[in-house]
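Before any comments, here is the structure.
The values are calculated or read from the model by the stated rules, or taken from the named source; none is laboratory data. Bear in mind that the values here come from a model prediction, so they are computed numbers and not experimental data. Don't worry about glycine lacking a Cβ; one is built from the backbone with ideal geometry, like all the others, and counts go over all protein chains shown.
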Amino acid sequence: MIINNKLKKIDLSKPGAITEVDLILDSIEDIPNLSLGQIFTLCPEREDIGSILVGLCASFYFLRSTPFNFTEWKAYKNRDFSSEEKQLMISGLLNVIKYSHIESSDEIDAIDYIYAACIALYKISPEKIEAELVKELKLKPTESLIEALGMLVGHSFKGYITKETFLLLKHFAEQNSGGLSDRAKIVLKEDVERMNAINPFL
């Protein structure tokens, strides 16, 4: 009950929200024994929070990092994830990216959460990660989603993007001003242009 009350009060529009969810998640001792569905419903009133909880767990699982010892994640120890479970994780990881407020100087952990989520997304669905990020970017553009596309190109994941995604980033870069434009320019210069020079894909 205490955990639920804390989770449902979190304002995802504010910097540090993902860190706040993460700290609460770290305090739940029984996590390794819960299924993805049970983790998703830890805060029944907030599906967005439930999704982020799943996304954070997926990040830790695929990075094999603390605070969770996922060799003891009994529900999945001896079998693969189902397609429904994979989709639940993909949605959660996308939400981790969307609500990591990289545009704010107060959000010191945003880049780490985005990077971890990208690793997990690529391991779960390497063939769909670009399309999933682009779909979210078209629905509700954020700097974090643009940054994630940059990581997809420039940080030893996919190593390239399609011409359509390049044109979408170029569209944002050519806007007069603002965070989305600035972020897209950085991604095009530091990630897309750099990787295209090494292994041309555009």
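Things worth noting here:
- Residues located in segment 13-26, provided they are outside any helix (DSSP H, G or I) and either in contact with a helix residue (DSSP H, G or I) (Cβ under 6 Å, 6 or more places away or on another chain) or of a type in the set (Ser, Thr, Tyr) (or both): SER13
- When segment 22-37 is limited to residues that are surrounded by fewer than 13 Cβ atoms within 10 Å (Cβ to Cβ) and over 19 Å from the mean Cα position of the chain (by Cα), the one that is nearest to LYS98 (Cα to Cα) turns out to be SER27.
- Sub-6 Å Cβ pairs linking a first residue in segment 9-21 that is farther than 14 Å from ILE102 by Cβ to a second residue that is in a helix (DSSP H, G or I), at least 6 apart or interchain, are ILE10/ALA17; ILE10/GLU20; VAL21/ILE52, ordered by first then second residue.
- Within segment 33-52, residues that are modelled with pLDDT of 90 or more reach partners that are assigned to a loop (DSSP other than H, G, I, E, B) with beta carbons closer than 7 Å, at six or more positions or on different chains, in the pairs ASP48/LEU12; ILE49/ILE10; ILE49/CYS43; GLY50/THR41; GLY50/LEU42; GLY50/CYS43; ILE52/TYR99.
- Scope segment 120-141; condition more than 9 Å from the chain's Cα centre (by Cα) and touching a residue at least 40 places away in the same chain (Cβ under 8 Å); matching residues: LYS123, ILE124, GLU132, GLU136, LYS140
- Test: residue in segment 165-184 that is within 22 Å of LYS128 (Cβ to Cβ), more than 20 Å from the chain's Cα centre (by Cα) and in contact (Cβ under 8 Å) with a residue 40 or more places away in the chain: no
- Residues being modelled with pLDDT of 90 or more and either outside any helix (DSSP H, G or I) or among the hydroxyl-bearing types (Ser, Thr, Tyr) (or both) are entirely absent from segment 67-76.
- Top-ranked residue of segment 102-159 - restricted to ones that are in contact with a helix residue (DSSP H, G or I) (Cβ under 9 Å, 6 or more places away or on another chain) and of a type in the set (S, T, N, Q), ranked as surrounded by the most Cβ atoms within 10 Å (Cβ to Cβ): SER144
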